[in-house]
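**Student:** Would you mind keeping the following structure in view while I ask a few things?
Readers should treat all values here as calculations from the given coordinates under stated rules, not as data from a laboratory. Everything numeric in this text was worked out from a predicted model, so none of it was measured.
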Amino acid sequence: MFRLLMYLIPLALTIYAFIDCLNTPEDEAKHLPKIAWVFIILLFWIVGPVAWLAAGKLRTPPANGRTPSEWHRNHRMEYVAPDDNPEFLNSLKADHKKDEALLKDWEADLRRREEELKRRESGEDPKDAT
């Protein structure tokens, strides 16, 4: 069991340091460029991750609260509630107009069929549609 831990702990440390290095913005990597830190972490299996965790990253939080997802935060679309979104409201109006037209067509077809049925029941000849 101890032999297995001798391999798993450095592997977990390497994976953690590698992911941490990749998620760190370029200007927060200290002493070397970020790509150099990636190679050090991957090439020097135990020493590289320890060096990254000890000296490779600026560990104080930035003043503006920047996170690894900064790109996503700056490029995210602003969502608006449906009641305030003019595009959504216009699409509702267009759908409503289509539905109203379809309903009028169905009602006209129903009236026509009811009139035909009444004529058949009373024995009258149906009018020529042409």
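**Student:** Mind listing the phi-derived Karplus ³J(HN,Hα) values for segment 103-117, rounded to whole Hz, using 6.51, -1.76 and 1.60 with θ = phi - 60°, and x for any glycine or proline?
**Tutor:** 5, 5, 5, 5, 5, 5, 5, 5, 4, 4, 5, 5, 5, 4, 5
**Student:** Would you please give the residues with an amide H less than 5 Å from that of LYS57, counting only those at least 5 places away or on a separate chain, with H modeled from the backbone geometry?
**Tutor:** So LYS57 has HN proximity to LYS30.
**Student:** Could you give the length gained on full extension between ALA55 and ARG112, defined as 0.36 nm per residue of separation minus the Cα-Cα distance, in nm?
**Tutor:** Full extension from ALA55 to ARG112 adds 12.0 nm.
**Student:** Could you give each residue of segment 19-33 its phi-based ³J(HN,Hα) in whole Hz, using Karplus coefficients 6.51, -1.76, 1.60 with θ = phi - 60°, and x for Gly or Pro?
**Tutor:** Listing the rounded values in order: 5, 4, 5, 5, 7, 7, x, 4, 6, 9, 7, 9, 6, 9, x Hz.
**Student:** Taking the alpha-carbon distance from LYS34 and a cut-off under 27 Å, which lysines remain once sequence neighbours fewer than 8 residues away in the same chain are dropped?
**Tutor:** LYS57
**Student:** If I histogram all Cα-Cα distances within segment 1-48 using bins 5 Å wide from 0, what percent of pairs lands in each bin?
**Tutor:** Per 5 Å bin, starting at 0, the Cα pair percentages come out as 5, 21, 28, 21, 12, 7, 5, 2, 0.
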